[in-house]
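Trainee: Please read through the structure below; I'll follow up with questions.
The values are calculated or read from the model by the stated rules, or taken from the named source; none is laboratory data. None of these values were measured; they are calculated from a predicted model. Using ideal geometry, Cβ is built from the backbone for each residue, glycine included, and neighbour counts are taken over all protein chains shown.
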Amino acid sequence: MDAWSGEYLYSWDVRGPDVPGTGPVGISRDRRRAMEDLARALRSAGPGARGAVWAVRVDLARQAAYRYGGLVAEGAHDPASGEVTVEGPWPLDPVILGPSGDAGE
């Protein structure tokens with residue numbers, strides 16, 4: 001029997017040229033919220049930052065560990081346009097923040 005929780009959570013992380021160390025990270029029970037949180041973190045991280053959202057489950061056999069179930073979405077802060085986009089699989093629409101940080105710009 002596997003020692004992990006049955007419910008998926010959604011873990012996100014940011015990395016990039018101006019992002020120190022591991023960069024911003026987060027976890028959410030809601031996939032859409034994780035995508036939106038990633039978009040906001042990419043905006044704050046600056047142009048050239050990239051990130052991802054992963055489906056994870058809590059590993060009950062190890063203390064403070066997740067088992068990764070697969071890539072859910074990827075995002076980037078475009079240095080040329082300033083736009084932030086996080087795209088995942090259907091049925092979710094992408095999260096797009098324009099250069100000023102407004103959604104759907």
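Trainee: Going by the structure shown, is Gly16 at pLDDT 95 or above, surrounded by 15 or more Cβ atoms within 10 Å (Cβ to Cβ) and either over 21 Å from Val95 (Cβ atoms) or of a type outside the set (S, T, N, Q) (or both)?
Mentor: No; evaluated as a whole, the condition is false for this residue.
Trainee: Further question on the same structure: In segment 37-99, which strands (runs of 3 or more DSSP E) lie fully inside it and hold 2 or more residues that are more than 26 Å from Asp18 (Cα to Cα)?
Mentor: 50-58, 66-77
Trainee: With the checklist (1) at pLDDT below 95; (2) crowded, with 16+ Cβ neighbours inside 10 Å in hand, flag the one item Asp93 doesn't pass.
Mentor: In the conditions (1) at pLDDT below 95; (2) crowded, with 16+ Cβ neighbours inside 10 Å, Asp93 misses (2) alone.
Trainee: What about Asp37, is it in contact with a helix residue (DSSP H, G or I) (Cβ under 9 Å, 6 or more places away or on another chain) and either closer than 27 Å to Ser100 by Cα or surrounded by fewer than 14 Cβ atoms within 10 Å (Cβ to Cβ) (or both)?
Mentor: no
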